[in-house]
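Visitor: Below are the C-alpha cells for one structure; questions will follow.
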Amino acid sequence: MNSRVFALTVLIGLAAQTGSIVPAGAASRDQQIAQAAEALRAKLIEQRRDFHMHPELSNREERTSRIVAERLRALGLDEVKTGVGRYGVVALLKGARPGPVVAVRADMDALPIQETIDVPYKSQNPGVKHACGHDVHTTVELGVAEVLSRMRDQISGTIKFIFQPAEEGAPVGEEGGATLMIKEGALENPRPQAIFGLHTVAFEVGQIAYHSGPAMASADRFAIIIRGKKSHGAQPQLGIDAIVVASECVTALQTIRSRRIDPLEPLVITIGTIKGGDRNNIIADEVKMEGTMRSLNEEVRTRAQELMRQTLASVTSAYGATFDLQFDSPNPVTYNDPRLVDETLPTIRRIVGDANVVAPKPFMPAEDFSYYQKVIPGFFYFLGVGNKAKGLMPA
C-alpha cells in the first residue's frame, strides 16, 4: 500500500475542514501525516490481507464489521455505532476545536467469485473473494482513523467514519447498502457537510484519478418476461414462439442506443441472461431475460426506460405475444460536486504531484456512493493499485 497516497486520504478530510486551499503549517502537517502513514505500512498490509482471507458477501459482513468496530474502539473514538444498515459501522472523531463535520466512507463486502490465485493470503471462504478492492477500502479508512485519532489537537470539527455493507447489492428480498445506511441515520446526528469515498482502479500505484461532475454511471437492473403460446415444434403456426420474439427484442433494444438517443450521450443496454424453453421439439411459451442499463445522464436514463417499454410493446404486439418489464436495484449517477472537487484538488496535487493526478473519462460501472451524494455534496475518487512493469493491472 503506497503510504503517500494513503496519507492523501487523511489530508483530504483535513483540507475539507479547514476551508482553505493551503492551510497554515500545511508542509509540516503533510510531513507528520506521511511519517505516521509510513509507520503503519506493515500493520495495514497485514490487516488488508486478513480481510482478503476472510471475505464476506453482501449483508453477511459479520466478521469484518466486528473487527472494524474493535479497531475503532481501541483508538478511543468518541462514538462507535454498530448494526447500522445490518452490519454497518458509523464512528465519530471529534477534534479539539469546533468546526464542520466531514464524512469518509468505505465499503466492506466481497463478491461470489472463487479465488484462483495461489498466494499465502488467498480467500479461505470457498466461492467468495475480495475481487473489487473493498478489503483495501476498509483498510485505508481504518488507517485514516488511526492517524487522525492521534491528531485531535489539529482537527477543527468532527470526522464521521462510515463503513458500509452490501455495496455490491443486497440479496434478493433484502434491503441493504447505502440506501439502508441513510435510512437508518448514517448521515444524521451530526449531518456531514461533505462526504468522500475512494475505489481502487487499474492505474499505476501513486496515481489518483478524479472526475468533476459525472464520475460513474447510473445502473438499473431489469428483468423481462416474454409470453407466447406453447405448441409442438412441428406445428409452429399453432403457437407463438417466445424464443423468436425474445430474439427480436434483444436486437430491437440495441437500436435505442444506436438510433433513438443522442450519440454523444453514453448509454449501455445489456442483456446478460436468456432462459426459456422446455425441450427441443416444443415451441417455448415463455422466455426470461435479465440485464443492466447504464447512463451518465438522468434524463437519458428516464428516456431510455420509456423507450424500452415502447420497443418491447411494439415487437411483442407484432407477433401476438405479451411482455412484462421490471426495473430493480437502481443506482443514480455518481456525481461529484464540482465545487468540492475544486476545493480538494490542490491538496491532491500537493501530495502526489501534478503528474500523478489524472482526469479520465467517466466510468460506466456504478456505485451506490451516489445515494450519499443525493443528500450531501460528495467526492468519489480513484486510487491507483496497478504495476504495469510487473504485469499487475487488476480490473
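The values are calculated or read from the model by the stated rules, or taken from the named source; none is laboratory data. Quick caveat, the model's predicted, so the values are computed rather than measured. Every residue, glycine among them, receives a Cβ derived from its backbone with ideal geometry; neighbour counts consider all protein chains shown. Ligands, DNA and RNA are stripped out before the accessible areas are found, and what is left, the full protein with its side chains, is counted by its heavy atoms. Shrake-Rupley method; radii C 1.70, N 1.55, O 1.52, S 1.80 Å.
Visitor: Would you please name the residue that is surrounded by the fewest Cβ atoms within 10 Å (Cβ to Cβ), looking only at residues in segment 148-166 that are in a helix (DSSP H, G or I) and not polar (S, T, N, Q)? Full working, then the answer.
Guide: To start, the set of residues in segment 148-166 that are in a helix (DSSP H, G or I) comprises 148-149, 152-154.
Next, from what is left, pick out any that are not polar (S, T, N, Q): 148, 152-153.
Details: L148: 23, R152: 14, D153: 8.
This residue is D153.
Visitor: Also, quick follow-up: Would you confirm whether or not segment 175-186 contains a residue that is touching a strand residue (DSSP E or B) at 6+ places or on another chain (Cβ under 6 Å), assigned to a loop (DSSP other than H, G, I, E, B) and open to solvent by 20 Å² or more (accessible area, probe 1.4 Å)?
Guide: Yes, because at least one residue in segment 175-186 is touching a strand residue (DSSP E or B) at 6+ places or on another chain (Cβ under 6 Å), assigned to a loop (DSSP other than H, G, I, E, B) and open to solvent by 20 Å² or more (accessible area, probe 1.4 Å).
Visitor: Which one is farthest from F161 (Cα to Cα), of the residues in segment 58-94 that are part of a helix (DSSP H, G or I) and either open to solvent by less than 70 Å² (accessible area, probe 1.4 Å) or in contact with a strand residue (DSSP E or B) (Cβ under 6 Å, 6 or more places away or on another chain) (or both)? Please lay out each step first, then the result.
Guide: First, pick out the residues of segment 58-94 that are part of a helix (DSSP H, G or I): 62-74.
Of the ones still in play, those that are also either open to solvent by less than 70 Å² (accessible area, probe 1.4 Å) or in contact with a strand residue (DSSP E or B) (Cβ under 6 Å, 6 or more places away or on another chain) (or both) are 63-65, 67-69, 72-73.
Numbers: R63: 18, T64: 15, S65: 13, I67: 14, V68: 11, A69: 11, L72: 9, R73: 12 Å.
Filtering first and then ranking leaves R63.
Visitor: If we scan segment 113-129, do we find a residue that is open to solvent by 10 Å² or more (accessible area, probe 1.4 Å), at pLDDT 95 or above and closer than 21 Å to F380 by Cβ?
Guide: No: segment 113-129 contains no residue that is open to solvent by 10 Å² or more (accessible area, probe 1.4 Å), at pLDDT 95 or above and closer than 21 Å to F380 by Cβ.
Visitor: In addition: Tally up the residues in segment 232-260 that are more than 20 Å from I274 (Cα to Cα) and either modelled with pLDDT under 95 or part of a strand (DSSP E or B) (or both), please.
Guide: 1
Visitor: Here's another thing I want to ask about it. Considering only residues that are open to solvent by 50 Å² or more (accessible area, probe 1.4 Å) and within 24 Å of P236 (Cα to Cα), which ones fall in segment 282-319?
Guide: I282, D285, E286, K288, S314, S317, A318, Y319
Visitor: OK, next. Would you please list the contacts, defined by Cβ atoms under 8 Å and residues six or more apart or on different chains, that run from a residue in segment 304-323 that is more than 16 Å from T270 (Cα to Cα) to a residue that is surrounded by fewer than 21 Cβ atoms within 10 Å (Cβ to Cβ) and among the hydroxyl-bearing types (S, T, Y)?
Guide: Partner pairs satisfying both residue conditions: T316/T322.
Visitor: Taking the conditions exactly as written (surrounded by fewer than 21 Cβ atoms within 10 Å (Cβ to Cβ), at pLDDT 95 or above and under 20 Å from the mean Cα position of the chain (by Cα)), does P330 satisfy them or not?
Guide: no
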